[in-house]
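Student: Input: one structure, supplied below.
The values are calculated or read from the model by the stated rules, or taken from the named source; none is laboratory data. If you're wondering where the values come from, they're calculated on a predicted model, not measured in any experiment. Ideal geometry is used to build each Cβ from the backbone, glycine not excepted, and the neighbour counts take in all protein chains shown. All accessible areas refer to the heavy atoms of the entire protein, side chains included, with ligands and DNA or RNA removed. Shrake-Rupley method; radii C 1.70, N 1.55, O 1.52, S 1.80 Å.
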Amino acid sequence: MERRTFLKTSALASVGLALSGTAAFAEWKPRRPVSIILPYKAGGGTDSYARAVASASDGLFPVPFVVVNKPGSSGITGAVEASRSRPDGTAVLLTSAGSFLLTSLLRETDVTPLDSFRIVAQIGKLTTSLMVPMNSPYQTLDDLVADIKARPGEVRWAHTGNGGFHHVAGQGFLDSNDLEAVGVPFKGGSATRAALIGEQVDFGMIGIQQAAGFENELRPLALNSDQRDAFMTEVPTFAEAGYDAVDVSSPIIMFAPKDTPDDVVAGLEAAMKEITESEAFINAMAERGNAPVFLPGPEAEANLRAMKDNVSSIIGALKSQG
Amino acid sequence: MEIFAALASVLSDPIILMWVFAAAIVGMVVGAIPGLTASAAIAMLLPVTFYMQPLAALAFLYVIGKSGRYGGSIAAILFNTPGTAASAATQIDGYPLSKRGMSSKAMKVATLSSITGDYVGEILLIAGVGIIAAIALKMGPPELFAVYFAAFVVIGSVIGKSITRGLASAALGVLIKMVGLDPISSEERFTFGSFDLSNGISLVPLMIGIFVLGEVFSQLEARGKPIEQFDDPDNDDARARNRLTWAEYKPCIPHVIRSSFIGSFIGMLPGLGSAIAAFVAYGEGKRRAKNPEEWGKGALEGIAAPEAANNAVSGPSMAPLLTLGIPGSIIGAILIGVFLIHGIQVGPTLFLTQKELIYQLFACGLVGIAAYGLIGYYGASFVGRFILKIPTDVLYPVIFLTSFVAAYSARGSMFDVLIMVIAGFGGWLMKCYDFNPAAFVISFVLAGGAEETFRQSLLLSDHGALIFFTRPVALGFLIVGVVAVVARARSLSKQAKEASLNDA
């Protein structure tokens, strides 16, 4: 029933694009389940995307998607494994590509997102934001900036780990406005949020979706994006608040091993488009405060290359500090 | 009182009850299999729960966590191979009892203590979820570091005959923990360019290696020697030896109560977990015991203390998880994922939006404790008697095999298997040369969190280490730690002097 209504809407919605998509589908017929290698532990943010893909693909894709968690080394363990998989569409990598890119720039890694893989499609996006505790004296970004200027090097801010995209975004905001503050890394999003609610720090950079359910504890002051969030619509972007920032976010991208043939990549891309447009997927994401953001492979790749250029100066600064 | 309504609704729902009982059994089995931990089992069973009702899914995993912590004691007592890190303290006194043919008695003590600890924790959670969450929130990095510092003292209580070798084992644990990415700067340390090492050494394969493989190697060494049959099964004498009387359990009760509160407190703090709770309770119990000379040689109190503490962690650790989204353990982190997958946002609003579900989950916890308690009390001792009939030359090869499976399955990594094998030889050599595997594992477990919170504190401080003295809670725990170290050092030096006098 649900499937039928979906098929109808998707047919209507994508008359033009469907032609190329279904054509590719016809060429590549997956026979074995597709493993989605997820380089993080079960239950995290990126994991929920993979789970939603797997459950929403029922009826839309001829074989099931199987989520395989391969955590370790900030997501590199799983990426290495995926890059060594057979390039026939039986294994793909779904990862937070911003973190993957930054890790590959900051550390010597065996794999990089742009050289070791083919980009299938982007299916979502994690956006970071600047938040303060509810009792904080800072009502706006101006208040915070004034205080950082008054006490250079004394304001403390929390992020989810050095070299992560929250850290780079926060440092980027501070650097581009000539501000000096001390960053304190915590392990992961929930620990960072707890440190912020517990007022261990003055402000924090965490994903905007982390504020869902914590509306009475946290006050987001600015979003690091060129447009406002689909759910937290009242939070201004850095540009709207009047400050420069570095455009770094973390798109959730599906990668295929480098030698995967064109028809397989095209088939997977078309499937991702269908799945991310399905009601089941949209609902699953909305519960977490995320909106699906589908981008075809070439566009996702162009954005990732642009981000690489954007962050190069901060990466240089971080490396020389380290 | 919402909990009574929830309890009634859970008890009248056969499907939920079935899941709770299934979880009690699954948890006990995986906990009992050396090396296969409850958190690994939960991670493996997680996909199954996506297709279940939210309450059934959460209750299933929650109760596995509880009974898994208890199940670990079975292997620790019977084979000297703790099923989980949390039961590594239990083997110190549990295995000597088994050797004397009193494994069933040891397991009854473990069961009674585990359920008492678990009930104390669960009731504290139900009564004070808001207060516990508020405490957890106020524990910033300096306070947490002070708690870690105070917890390091327990190494002193497991140190065996040689103090220097015990301390060297602890230092080695810290050193091994340093391998991997620096927690603050994310730089690589001691990785020698190896990609696998950049991920650090994980606890599960290390622990399986040190305790389980180490024990298998020791048994291998003893091959050829006449096999000591330590349970002459099923005669009246053996039965009498394994009957647990009230007079025997009575001295354990103060230890169980103290340990339950130690465990509950440690459960409130994010990141410390059951293994630390068990060792702190063991150390504290030994220090206060009337018969400290018997501890380590098969004192029933030495089983009661750690077992009560490691299960008491379970309840209170749910408070920061549910109200603040801070997972206190790996199991907690997985549970958050389950909430999210079922479309339930954990956080301060949870008790407004999902009050009924949460109290039903707590009620399932209460039922689950009773379930594993009953199965354990009557079942585990039976299983114990049965397993001891299996000759060691069949049993230890099976344990040897499962440790490989367990080391691999935790993360699906061959590197972890290698770590386990190396740690196995390490653990065996440590035993041969009187080094102390328990001290090694405790310091390994504590070092990571201690370093991270220490360095976070320094970053938060305007005046370096002064931050530990300006925050009263942190200062309080530091003083507790220093006082305990001094007291411990004095009693150890007294022991050493007595020993040298005896030698002379």
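Student: Measuring from the lowest to the highest alpha carbon on each principal axis, how far does chain A reach, largest first, in angstroms?
Tutor: Principal-axis extents of the Cα atoms in chain A, largest first: 64, 43, 31 Å.
Student: Can you give me the distance in nm between label points at residue A:134 and residue B:51, each placed 7 Å from the Cα along the Cα-to-Cβ direction?
Tutor: Simple spin-label model gives 4.1 nm for this pair.
Student: Take the Cα coordinates of the range B:230-356, assign each an equal point scatterer, and use the Debye formula without solvent to give log10 I(q)/I(0) at q = 0.16, 0.17, 0.20 Å⁻¹.
Tutor: -0.81, -0.85, -1.01
Student: Next question. Quick check on packing: order A:163-172, B:46-55 by the mean number of other C-beta atoms within 10 Å, highest mean leading.
Tutor: Peptide ranking by packing, descending: A:163-172, B:46-55.
Student: If you find the alpha carbon centre of the range A:297-322 and of the range A:114-176, how far apart are they in angstrom?
Tutor: Going from one Cα centre to the other spans 16 Å.
Student: On alpha carbon coordinates alone, what is the Rg over Rh value for the range B:421-490, Rh being the Kirkwood radius?
Tutor: We get a ratio of 1.14 for the range B:421-490.
Student: Dipole of chain A (Lys/Arg Cβ +1, Asp/Glu Cβ -1, origin at the Cα centre): which of A:294, A:242, A:232 lies farthest to the positive side?
Tutor: A:294
Student: Using a cut-off of under 16 Å, list every residue of the range A:222-251 whose amide N is near the label point 7 Å from the Cα of residue A:177 along the Cα-to-beta-carbon line.
Tutor: A:222-226, A:235-248
Student: Another question, if that's okay. At 222 nm, what value in deg cm²/dmol follows for chain B if DSSP H runs of at least 4 each add -39500 (n - 2.57) and the sum is divided by all its residues, to the nearest 500?
Tutor: Calculated from helices alone, the mean residue ellipticity at 222 nm is -23500 deg cm²/dmol.
Student: Let me ask something else about it. About its Cα centre, how strong a charge dipole does the protein assembly as shown have in debye, to the nearest 20, once Lys and Arg get +1 and Asp and Glu get -1 at the Cβ?
Tutor: Value, rounded to 20: 2500 debye.
Student: Separation of the range B:233-278 and the range B:89-128 by C-alpha centroid, Å?
Tutor: One Cα centre to the other: 3 Å.
Student: Check cross-link reach from residue B:286 to the lysines: straight Cα distance under 17 Å, and skip same-chain residues fewer than eight apart.
Tutor: Partners within reach: B:161, B:250, B:297, B:494.
Student: State the answer as a single residue: which of B:305, B:331, B:9 lies farthest towards the positive end of the charge dipole of chain B, with beta carbon charges of +1 for Lys and Arg and -1 for Asp and Glu, about the Cα centre.
Tutor: The residue sitting farthest along the positive end of the dipole is B:305.
Student: Right, another one. Less than 18 Å from a label point 7 Å out along the Cα-to-Cβ axis of residue B:485: which backbone N atoms in the range B:158-189 qualify, by residue?
Tutor: Within reach of a label on residue B:485: B:158-159, B:163-175.
Student: Two decimals, Cα atoms only, Kirkwood Rh: what is Rg/Rh over the range A:211-322?
Tutor: My calculation puts Rg/Rh at 1.03.
Student: According to the Kirkwood expression over distinct Cα-Cα pairs, how big is the hydrodynamic radius of the protein assembly as shown, in Å?
Tutor: Hydrodynamic radius (Kirkwood, Cα pairs) of the protein assembly as shown is 27.9 Å.
Student: Continuing with the same structure: For the range B:51-181, what D do you get in µm² per second when you plug the Kirkwood radius from alpha-carbon pairs into Stokes-Einstein at 20 °C and 1.002 mPa s?
Tutor: This corresponds to a translational diffusion coefficient of 119 µm²/s.
Student: Give, ordered by residue number, each residue of the range B:328-350 whose 1.4 Å probe accessible area is reduced by a minimum of 10 Å² on adding the remaining protein chains to the chain alone.
Tutor: B:330, B:333, B:334, B:337, B:340, B:341, B:343, B:345, B:346, B:348, B:349
Student: Compare A:231, A:100, A:65 in a GNM of chain A, Cα atoms joined below 10 Å, and give the one with the largest fluctuation.
Tutor: The residue with the greatest mean-square fluctuation here is A:231.
Student: If you don't mind, there's one more thing I want to ask. Using unit Cβ charges (K, R positive; D, E negative) and no other charged atoms, how large, in debye to the nearest 20, is the dipole of the range A:128-248 about its Cα centre?
Tutor: 420 debye
Student: How crowded by other chains is A:67-75, given as the mean number of beta carbons from other chains within 10 Å of each beta carbon?
Tutor: 5
Student: If you take the Cα atoms of the range A:197-265, find Rg, then find the Kirkwood Rh from the mean of 1/r over all pairs, what is Rg/Rh?
Tutor: That ratio equals 1.15.
Student: Could you tell me how far the Cα centroid of the range B:1-61 sits from the Cα centroid of the range B:381-450, in Å?
Tutor: 27 Å
Student: Any chance you could give the angle, 0 to 90 degrees and rounded to 10, that helix A:141-150 forms with the longest Cα principal axis of chain A?
Tutor: With rounding to tens, the tilt is 50 degrees.
Student: Taking the inverse of the average 1/r across all pairs of different Cα atoms in the range A:128-248, what Kirkwood radius in Å do you get?
Tutor: 13.9 Å
Student: Under a point-charge model restricted to the Cβ atoms of Lys and Arg (+1) and Asp and Glu (-1), what is the dipole moment magnitude of chain A relative to its Cα centre, in debye to the nearest 20?
Tutor: 1100 debye
Student: Once all Cα-Cα distances of chain B are split into 10 Å bins that start at 0, what whole-number percent is in each one?
Tutor: The calculated distribution, bin by bin, is 4, 20, 31, 28, 14, 3, 0, 0.
Student: Mean separation of Cα pairs under 8 Å and 6+ residues apart, divided by the residue count of chain B: what relative contact order is that in percent?
Tutor: In percent, rounded to a whole number, it is 29.
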